[in-house]
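Enquirer: Please see the structure below; I have some questions.
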Amino acid sequence: MSAICALPLSAETGSSSYDFLNIPTSAHAYALGGSGIAVISDDVSLADQNPALLGPEIEQQVALGYMHYMASGNFAGVRFGMAAGDNSAWAAGIRYLNYGSLTEFDPSGVAGGKFSPTDIVFEGSYSHDITDRWRGGVNLNLIYSHYSVYSAFAISVDLGVNYYDEEHDLSLSMVLKNAGGQVKRFDQAYNRLPFDVQIGYMQGLGHSPFSLAITARNLTRWNLPYYSHPKDATGDEQVLKSSFFSNFFRHLTFGLQFQPSEKFYLALGYNYKQATDMSSYQRNFFSGFSIGGGLNVRGFGVGVAYAMPHKSASTLMLNLNCNIWELMN
């Protein structure tokens, strides 16, 4: 069973067979390096990053998302959210993740038929304004996975808080992500969820339209080693990297945003962990970088993000948002 669970998504973190839970559904977050737990925007898609980013300012909103992931992964989702009074909001959605057609092998290494592994996530979110600057929220995820003849069911919870000082354009967040476990296992082995503690910071740079975003991830462990191919290697030789510098920056993602108005943004991100993870898979100069932008006009919003982690594979993400309340009024 372990061979079946080793899907391409696990190459990014190597922590569990549920690492797809860390892939954002928001193009805005993906453009900023794959993490957006402190992004302030009227975008219901950001709730999966941090439930405390959900608020009554979304009014009534529906969001559609699609991502072409690397070589053959295709992910899609829909989420609806709305205000619940003046200080609360809720949202619900579903994500479908398909990883393309794979060949099945038996324990002796003999190839069998084809199968298409899939994951489905049912999502529910709720948030509440604690004060005029503090907001808390919770996500509940019901996760069904089907890989060949194996299936599993798991439950995870995210708990998040956000502090937003509008006057100084400062946003601070903390999230406990993917707390939970399997209710039904694939087989007798237990596959853990990628529990994580994350801290996010986003700050406007003076009176300019630029903002800096930094997210610290994987805070439950310091050591994040990886293997790298030496430049002069002639075969499959690999070297283990685990220096202080490497471990420190593999915990961080960086983003720079240009937002001249509330209706338009451009974003650039860098994820050092993704770049170094791909050093064993023929990465290129652009590995770890992501770029994207968004436009919101008359209740309709579109966001797009692009990254090229591997020299022969890229990722494209698209979001479409519609504010039903604004269209009806």
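Enquirer: Can you tell me how much longer the chain between F122 and Y144 gets when fully stretched, taken as 0.36 nm per residue apart minus their C-alpha distance, in nm with one decimal?
Expert: Full-extension gain reported as 7.1 nm.
Enquirer: Where Lys and Arg each count +1 and Asp and Glu each count -1, what net charge lies around N321 among other residues with Cβ under 15 Å from its Cβ?
Expert: Around N321, the surrounding residues sum to -4.
Enquirer: Just name one of L142, Y163, Q259: the one whose Cα is farthest towards the positive end of the charge dipole of the chain (beta-carbon charges, Lys/Arg +1, Asp/Glu -1).
Expert: L142
Enquirer: P(r) for region 110-228, please, calculated from all Cα pair distances in 5 Å bins and given in %.
Expert: 2, 9, 14, 14, 15, 14, 12, 8, 6, 4, 2, 1, 0
Enquirer: If I take R0 = 25 Å and measure r between the Cβ atoms of I199 and V239 in this structure, what FRET efficiency does the formula 1/(1 + (r/R0)^6) give, to the nearest 0.05?
Expert: Result of the calculation: an efficiency of 0.25.
Enquirer: Please calculate how many Å² of accessible area the chain carries per residue, with a 1.4 Å probe and no DNA, RNA or ligand atoms counted.
Expert: 48
Enquirer: Return the long-range amide H neighbours of G181 (sequence gap of 5 or more, or a different chain), with a cut-off of under 5 Å between placed amide H atoms.
Expert: Correct list: I155.
Enquirer: Right, here's the next one. Quick check on my link table: of K184/K241; K114/K241; K177/K273, which ones sit more than 30 Å apart, alpha carbon to alpha carbon?
Expert: Those over the limit are K184/K241; K114/K241.
Enquirer: Next question, about the same structure. Each residue of region 253-262 in turn: what ³J(HN,Hα) in whole Hz from Karplus with 6.51, -1.76, 1.60 and θ = phi - 60°, glycine and Pro shown as x?
Expert: 10, 10, x, 10, 10, 10, 9, x, 8, 5
Enquirer: Oh, and also: Using heavy-atom solvent-accessible surface (probe 1.4 Å) with all chains present, what is the largest-first order of S72, S156, S101?
Expert: S101, S72, S156
Enquirer: Using the Karplus equation 6.51 cos²θ - 1.76 cosθ + 1.60 (θ = phi - 60°), what ³J(HN,Hα) coupling, rounded to whole Hz, does each residue of region 263-276 give in order, writing x for Gly and Pro?
Expert: 9, 8, 8, 10, 9, 10, x, 9, 10, 5, 5, 5, 4, 6
Enquirer: How long is the gain from H68 to S314 if the chain were fully straight, where each residue apart is worth 0.36 nm and the alpha carbon distance is subtracted?
Expert: Extra length available between H68 and S314 comes to 87.7 nm.
Enquirer: Please report the net charge: other residues with Cβ closer than 14 Å to the Cβ of A179, K and R +1, D and E -1.
Expert: Cβ neighbours under 14 Å give a net charge of 0.
Enquirer: Counting only protein heavy atoms, what percent of the accessible surface of the chain is carbon or sulfur at a 1.4 Å probe?
Expert: Taking all protein chains in place, the chain shows 63 percent carbon and sulfur surface.
Enquirer: Given a Förster distance of 56 angstrom, what is the FRET efficiency for E57 paired with A111, based on the Cβ-Cβ distance and rounded to 0.05?
Expert: 0.60
Enquirer: Still on this model: Quick one: length gained pulling T103 to M328 fully straight, 0.36 nm per residue minus the C-alpha distance?
Expert: Additional length available on full extension: 76.1 nm.
The values are calculated or read from the model by the stated rules, or taken from the named source; none is laboratory data. Just so you know, these numbers come straight off a predicted model, no measurement behind them. Cβ sites come from the backbone with ideal geometry, for glycine too, and all protein chains shown count toward neighbours. Side chains included, ligands, DNA and RNA excluded: accessible areas come from the protein's heavy atoms. Shrake-Rupley method; radii C 1.70, N 1.55, O 1.52, S 1.80 Å.
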